[in-house]
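As structure tokens, the structure follows; a few thoughts come after it.
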Amino acid sequence: MAGGGQAAVSLLTKVAQAAAGLGIAASAASTALYTVDGGQRAVIFDRFRGVLPETSSEGTHFIVPWLQKPFIFDIRTRPHSFSSTSGTKDLQMVSLTLRVLARPDVDRLPDIFTSLGLEYDEKVLPSIGNEVLKAVVAQFNADQLLTERPHVSALVRESLIRRAREFNIVLDDVAITHLAYGPEFSVAVEKKQVAQQEAERSRFLVARAEQERRAAIVRAEGESEAARLISEATAAAGTGLIELRRIEAAKEIAGELARSPNVSYIPAGDSSQMLLGLTGAR
């Protein structure tokens, strides 16, 4: 019995040792392996050699535990948006929102990690974006940002791509998604519109006055010509024409009075006829 118990204890001890050994081996294997997913790259930091110049692509790789440590970079294109308030050439303030699609230069990942770290995009893009926006917007007047928007966008794109390359960042697309003016610009536009309307009204009044002046000249010339012709006719045929015009005018006045209900006629001669029969009664 005693011998059987010792054998069982010995067996259990061996099993425990084997399990411990397997656990240690599995732990060592897990620390010696790392996985790089799709769309990622790994930069290796070595305690003796520093950041290694080679990067690791997708898949499972070996490292020396404790001596080496992997840092995973996402190399897929990612969107970034940031806003900036800038001054135009005519001293108007505008608010712009810029959207960029950025990714790291895979061949320069060790340099990016050494100089900027894993959050390279958050450190660089807002800074250079504001810098480029302010520099480009300052070259245009406020109204030109609308009338020449494609040209402004092209300048922003070219300048931002060039600046991002200095930090080993590749920009696949750059676009201005929002443009808003300050209240001062709105007031200035309203005043300009009012001034233009006033100028148009002044030009209309001047043109109307000129037309009225010309009409008065033509009318005066007509009246002068008519007076000359009447004078010549009077000199040639006597005052018969004047008498004719007088009779025509009197006839026209009499016609107007006859049509008016408020006009009464008084007979000429004996005014007692206006008593309407009251004289006989007396």
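Annotations
- Pair list, Cβ < 7 Å and 6+ apart or interchain, from segment 243-257 residues that are modelled with pLDDT under 80 to residues that are surrounded by fewer than 10 Cβ atoms within 10 Å (Cβ to Cβ): Leu257/Val263
- All conditions in (1) loosely packed, with under 12 Cβ neighbours inside 10 Å; (2) among the small types (Gly, Ala, Ser); (3) part of a helix (DSSP H, G or I) hold for Ala233, with the sole exception of (1).
- From the options Phe82, Phe140, residue that is under 27 Å from the mean Cα position of the chain (by Cα), open to solvent by 20 Å² or more (accessible area, probe 1.4 Å) and among the aromatic types (Phe, Trp, Tyr): Phe82
- For Thr147, the criteria (1) surrounded by fewer than 17 Cβ atoms within 10 Å (Cβ to Cβ); (2) among the β-branched types (Val, Ile, Thr); (3) at pLDDT 95 or above hold in every case but one, which is (3).
- For segment 123-136, filtering for residues that are surrounded by 19 or more Cβ atoms within 10 Å (Cβ to Cβ), closer than 15 Å to Ser153 by Cα and either of a type in the set (A, V, I, L, M) or free of Cβ contacts under 8 Å to residues at least 24 places away in the same chain (or both) leaves 3.
- Hits in segment 41-77 - residues which are basic (Lys, Arg) and either over 21 Å from Arg99 (Cα atoms) or surrounded by 14 or more Cβ atoms within 10 Å (Cβ to Cβ) (or both): Arg41, Arg47, Arg49, Lys69
- Matching entry among Leu101, Leu109 (being open to solvent by 30 Å² or more (accessible area, probe 1.4 Å) and either closer than 30 Å to Ser159 by Cβ or charged (D, E, K, R) (or both)): Leu101
One line per residue, one yes/no per condition, for (1) more than 19 Å from the chain's Cα centre (by Cα); (2) farther than 30 Å from Lys123 by Cα; (3) modelled with pLDDT under 85:
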residue	(1), (2), (3)
Ala164	yes, no, no
Val170	yes, no, no
His178	no, no, no
Gly182	no, no, yes
Phe185	no, yes, yes
Gln211	yes, yes, no
Val218	yes, yes, no
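- In segment 193-218, the residues that are under 30 Å from Asp143 (Cβ atoms) and not charged (D, E, K, R): Gln193, Val194, Ala195, Gln196, Gln197, Ala199, Ser202, Phe204, Leu205, Val206, Ala207
- Considering Tyr34, Tyr120, the condition of being open to solvent by less than 50 Å² (accessible area, probe 1.4 Å), over 30 Å from Val137 (Cβ atoms), hydroxyl-bearing (Ser, Thr, Tyr) and touching a residue at least 24 places away in the same chain (Cβ under 8 Å) is satisfied by Tyr34 alone.
- Checking each residue in segment 83-117 for being within 20 Å of Ser186 (Cα to Cα), hydroxyl-bearing (Ser, Thr, Tyr) and in contact (Cβ under 8 Å) with a residue 12 or more places away in the chain picks out Ser84, Ser86, Thr88, Ser95, Thr97.
The values are calculated or read from the model by the stated rules, or taken from the named source; none is laboratory data. Quantities reported herein were computed from a predicted structural model and do not represent experimental measurements. As a convention, Cβ positions derive from the backbone with ideal geometry for all residues, glycine included, and neighbour counts pool all protein chains shown. Ligands, DNA and RNA are excluded from the accessible area calculation, which covers all protein heavy atoms including side chains. Shrake-Rupley method; radii C 1.70, N 1.55, O 1.52, S 1.80 Å.
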